[in-house]
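One structure is given here, and the rest of the page talks about it.
No lab work stands behind these numbers, since they all come straight from the coordinates. All of these numbers come straight from a predicted model, not from anything done at the bench. Here the Cβ positions follow ideal geometry from the backbone for every residue, glycine too, while neighbour counts run over all protein chains shown.
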Amino acid sequence: MYEIDYKMTSQRKTWQKILPILALGFFGLVWMVPLFWTLAAAFVPTTELLNGGPLVWLQNLHFGAFEQAWSVAPFARFYLNTIIWVFGLLAIQLVTISLAGFALARLDFRGKDQIFFLFLTQLMVPATVLILPNYQTLVALGWLDSYQGMMAPYIASAFGTFLMRQAFKQVPKELEEAARSDGANWLQVLWHVFLPVTRAPLLAFSIVSITYHWNEFLWPLLITSSVEVRPLTVGLALLVQSSEIGAQWDQLSAGTLIVAVPILILIALVQKQFTNSFLSSGIK
């Protein structure tokens, strides 16, 4: 009797370990279905894709859709615009969130808690709510159809400021006092003491910022009107609207992969560092 109970308990524990893995695997496969479909559509002509099966798809694999999609839309220019926008904005954000996070974490001044509360409030406001006032501001500044116009609403990141504030508060006060005793001012303390030990949250924020703005669509669509400024996401929308393509799903899927592959590669390369960055910064 004891042996039967032991076996049943052991089997129950085994299934308790296996079932979550199976569930995660199932949902992972479901999540991957759109990606599998996009890959199939990019390498198989539309007629065979809609009328044939997997065997027909394998017999008709081709790479012409990528060449056609690249020639229909100026993706080289869109890539350059996206790199300038995404990484130029990231460079500015790293400066602003570091300064703001340090001020809210380590400096004492009147109204500090109220300012931090305003930052947290911004996290609760959907970005679409601010589109109209942001657009009116850009009109007044004459920044429509420009890189600085795309960057302006995102220069001060509430999430980044919150992340860096939490990271800076975990830095031992003894390190700051030692730097102060050596005659360092607050900017030197930030640069030589705080930033070197908070590289993990900076990396985490960088990946979030790059991924978000690489995929941003609505805001660039509203304020850009020329090929010289438009990013990849807006360029992909132009590819969809092109009369030369119509319902050619292979070209549309190829254009989608042209836009998405760099981010997929980035996430694959830094996935472990990304997870460890959030864990080390105390953000669950």
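Things to note:
- Matching option when the condition is out of contact with any helix residue (DSSP H, G or I) (no Cβ under 6 Å at 6 or more places or on another chain) and of a type in the set (A, V, I, L, M), among Leu222, Leu190: Leu222
- Yes/no for Val197 being closer than 21 Å to Met164 by Cα, in contact (Cβ under 8 Å) with a residue 24 or more places away in the chain and surrounded by fewer than 20 Cβ atoms within 10 Å (Cβ to Cβ): yes
- When region 89-119 is filtered for residues that are over 17 Å from Lys173 (Cβ atoms) and among the small types (Gly, Ala, Ser), the ones remaining, listed by number, are Ala91, Ser98, Ala100, Gly111.
- For region 80-120, a residue qualifies if it is more than 26 Å from the chain's Cα centre (by Cα), within 23 Å of Val197 (Cα to Cα) and of a type outside the set (A, V, I, L, M), and the qualifying residues are Arg106, Asp108.
- Among the residues here, Ala73 qualifies as surrounded by 16 or more Cβ atoms within 10 Å (Cβ to Cβ), closer than 20 Å to Asn215 by Cβ and not charged (D, E, K, R).
- Selection of region 118-128 for residues being exposed (fewer than 10 other Cβ atoms within 10 Å of the Cβ) and either aromatic (Phe, Trp, Tyr) or in contact with a helix residue (DSSP H, G or I) (Cβ under 9 Å, 6 or more places away or on another chain) (or both) yields only Thr128.
- Residue that is nearest to Leu266 (Cα to Cα) [pool: residues in region 201-226 that are out of contact with any Phe, Trp or Tyr (no Cβ under 8 Å at 6 or more places or on another chain) and aliphatic (A, V, I, L, M)]: Leu202
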